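I have placed the structure first, in the form of structure tokens, so that the comments after it can refer back to it.
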Amino acid sequence: MNLLDISRRQLLYELYESKKMIYRILNLPVKSQSLIAMSISPFLSLLCDGIDNLFSEENSKLSESLGLIDEVSFTKLMSQNRASIKLLTDKKISNAIKIIDKQLLSFNNALTKDYNILQKGYVSIFGQPDLGVYYYKGVAFANTSQLSIYQDMFRKITNDDITDNRLGPIIRDFSEIQSSYIKTFTSQIEGNLLPKIDSEKCKVNIIDSNFSEKDFIFLNEAKRNIFMNSDDKNSTLYLFNLKCQLSFSLKIIPRIIERDHSLRFRIEMIVYYQSVKTIEFLIKKNKFPFNNITKEIIDNMLMDSHRIFLDNNLRSNIYHYRFSEDNAQMEMTNDFFISMVEFQTQQNFNDIFSIIENDMEKLIEVLDEITSLI
């Protein structure tokens with residue numbers, strides 16, 4: 001079997017699990033469904049991008065046949081949605097913070113643009129909440145700043161007007177095409193190489209009461225009631241977005257994806273890699289707040305990451321479904337993804353993943369301290 005066939009088999013295997021994941025989300029209560037769907041969307045786009053890269057003809061992408069959403073191609077929106085996994089960490093810290101501020105200001109202006117004199121007076125006295133935080137069993141896993149990054153490509157169609165009536169249908173249409181694209185390719189192996197999926201049996205024990213939310217004032221310095229212990233609230237929000245993504249990956253992903261499935265491993269490894277690179281970048285720019293305890297934790301985490309990702313193509317292989325050419329030499333096991341990780345790192349997969357999850361837990365603890373909400 002050549003590398004292209006192996007890559008396609010691995011993608012189809014993860015598409016199959018993602019279809020079950022989609023059913024698990026659709027079978028949730030409405031509130032739980034919407035909160036999880038918003039955070040999982042970029043990772044579904046990662047799968048759609050894999051389809052394009054492995055099954056398209058040379059001069060065109062399969063997704064281009066899926067049409068336009070409000071005059072913008074699904075292919076373009078999907079690519080931008082996939083890139084949002086990086087949470088602006090591919091930009092200079094100053095540019096990333098400016099983008100976050102711009103998004104929050106746009107959200108604030110949209111909320112207040114139709115206020116009457118009494119409402120404006122109330123806001124001037126008490127302030128206007130402009131940052132929503134969502135919790136799963138008391139753990140912050142998403143916030144409106146982070147989610148606005150995931151949805152930036154949709155808001156641009158409406159010129160950043162979140163009150164535009166088109167925004168809801170744009171996001172809905174995108175999600176429907178995204179899911180349909182995945183389900184179409186899953187049909188190649190469903191009921192053939194793998195059992196037919198029964199949507200009614202795809203359920204998880206998550207209920208609406210597991211979730212809560214709270215609104216905070218961020219932009220108005222005089223009225224601010226979040227990150228009160230922070231000297232640099234902008235950098236703190238940047239780190240808080242990272243912390244929420246880590247928490248979603250560790251607390252919710254294993255609930256909606258089978259724990260031993262490569263799709264779960266891939267998502268957690270991507271979040272881990274991206275988080276470490278972000279921290280490393282902030283340290284170089286003297287933007288990461290240290291104390292003696294956190295410095296030791298972060299130093300150890302950076303060493304772990306370097307041992308896992310340096311001098312190999314592992315990073316490329318977790319972000320893309322086409323295996324790098326050097327994997328032609330790997331020893332195959334029943335799980336191509338695990339074979340690839342062990343070949344690239346020359347280490348046992350269980351040892352690697354244990355290190356990654358332990359580091360993610362420790363990083364969340366560090367970020368909890370830095371981004372204390374009150």
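The values are calculated or read from the model by the stated rules, or taken from the named source; none is laboratory data. Keep in mind the model is a prediction, meaning the values are calculated, not measured. Note: ideal-geometry Cβ built from the backbone for every residue, glycine included; neighbour counts use all protein chains shown. These accessible areas exclude ligands, DNA and RNA; they are computed on the full protein's heavy atoms, side chains included. Shrake-Rupley method; radii C 1.70, N 1.55, O 1.52, S 1.80 Å.
Listing for the model above:
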{"item": "Over the chain: helical MRE at 222 nm, DSSP H runs n ≥ 4 each giving -39500 (n - 2.57), nearest 500", "result": "-19500 deg cm²/dmol"}
{"item": "Magnitude of the charge dipole, region 123-280, Cβ model with Lys/Arg +1 and Asp/Glu -1, debye to 20", "result": "380 debye"}
{"item": "Region 1-36-region 67-138 distance, computed between alpha-carbon centres (Å)", "result": "27 Å"}
{"item": "Backbone HN-Hα couplings from phi across region 230-242 [Karplus 6.51/-1.76/1.60, Hz, Gly and Pro as x]", "result": "9, 7, 10, 5, 5, 5, 5, 5, 4, 6, 5, 4, 4"}
{"item": "Spin-label model distance (nm) - Ala110 vs Asn350, 7 Å beyond Cα toward Cβ", "result": "4.8 nm"}
{"item": "Protein accessible area in region 119-226, 1.4 Å probe - carbon and sulfur %", "result": "50 percent"}
{"item": "Among Ala328, Ile338, His306 the positive-end extreme of the charge dipole of region 306-349 (Cβ point charges)", "result": "His306"}
{"item": "Net charge contributed by nearby residues that have their C-beta within less than 15 Å of Lys113 (K/R +1, D/E -1)", "result": "-4"}
{"item": "Portion, in percent, of the accessible area of region 21-106 that falls on carbon or sulfur, probe 1.4 Å", "result": "50 percent"}
{"item": "Rg(Cα) / (2.2 N^0.38 Å) computed for region 176-217, rounded to two decimals", "result": "1.86"}
{"item": "Amide proton proximity set for Ile69, modelled H, under 5 Å, gap of 5+", "result": "Phe74"}
{"item": "Solvent exposure of the chain as accessible area per residue, Å², 1.4 Å probe", "result": "47 Å²"}
{"item": "Dipole in debye (nearest 20) - the chain, about Cα centre, beta carbon charges: Lys, Arg +1; Asp, Glu -1", "result": "860 debye"}
{"item": "As computed over region 264-357, the Cα convex hull volume per residue (Å³)", "result": "104 Å³"}
{"item": "Protein accessible area in region 309-374, 1.4 Å probe - carbon and sulfur %", "result": "43 percent"}
